[in-house]
Amino acid sequence: MSQTSAPTNRASTANSCQRLHDFIVSRQAEQIAFLAELVGMPTDNPPGDCARHADVTADLLEQLELSVERHPVPADRVQAAGMRSATNLVIRHTFGDGSGPTIALNAHGDVVPPGAGWSRQPYGAEIVDNHMYGRGVAVSETGLCHLRLCPAQLCRRRVAI
């Protein structure tokens, strides 16, 4: 690498990071609404009744023009796992000419039951001092928001990977 290319690469990376940051900030209200929708839907496991949550998540992702496959888990497998219902979602998108790498992102929507001691409603998605409170805010539901943001960003920008 020549000495002149290193600053150019750093500038390009910094510019890309700034564009990504700007995109995320510009979609903050949209992300908060998405997260609040998911937090407001109980997905306690046990009992593990998660199919409705998957349907709502799929509907929200489809509103972003993402193609979502719904794969209900067979009842006998769900029951063997001690759950009531589960649906796996798969989003596929070909970037560029399709010759690039495959990207796999993973998240789950179930949460452990809230237990005692909550000072706020566990499914209220209440925002206080710029912080949201509720089941899954810091773990599972936020992971689903990341899954929503990443493909949407790449698709909107027509990124070739």
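The values are calculated or read from the model by the stated rules, or taken from the named source; none is laboratory data. These numbers come from a predicted model, not from an experiment. Here the Cβ is made from the backbone with ideal geometry for all residues, glycine too, and neighbour counts use every protein chain on show. Heads up: the accessible areas ignore ligands, DNA and RNA and are worked out on the full protein's heavy atoms, side chains in. Shrake-Rupley method; radii C 1.70, N 1.55, O 1.52, S 1.80 Å.
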Any pair with Cβ under 6 angstrom, 6 or more apart, that starts in the range 105-123 at a residue that is on the phi < 0 side of the Ramachandran plot and assigned to a loop (DSSP other than H, G, I, E, B) and ends at one that is among the aromatic types (Phe, Trp, Tyr) and open to solvent by 60 Å² or more (accessible area, probe 1.4 Å) = Arg120/Tyr133
Give Pro42, Pro47, Pro101 a once-over and let me know the one that is open to solvent by 70 Å² or more (accessible area, probe 1.4 Å) and modelled with pLDDT of 90 or more.
-> Pro42
What are the residues in the range 111-134 that are within 20 Å of Arg52 (Cβ to Cβ) and open to solvent by 40 Å² or more (accessible area, probe 1.4 Å), if any?
-> Val112, Pro113, Gln121, Tyr123, Gly124
Among Ser12, Ser2, which is part of a loop (DSSP other than H, G, I, E, B), loosely packed, with under 14 Cβ neighbours inside 10 Å and at pLDDT below 80?
-> Ser2
Long-range neighbours under 6 Å by Cβ, at least six apart or interchain, first residue at pLDDT 85 or above within the range 22-34, second assigned to a helix (DSSP H, G or I) and loosely packed, with under 14 Cβ neighbours inside 10 Å = none
From the list Gly100, Gly96, Gly82, pick out the single residue that is out of contact with any helix residue (DSSP H, G or I) (no Cβ under 9 Å at 6 or more places or on another chain) and either part of a strand (DSSP E or B) or without any contact (Cβ under 8 Å) to a residue 40 or more places away in the chain (or both).
-> Gly82
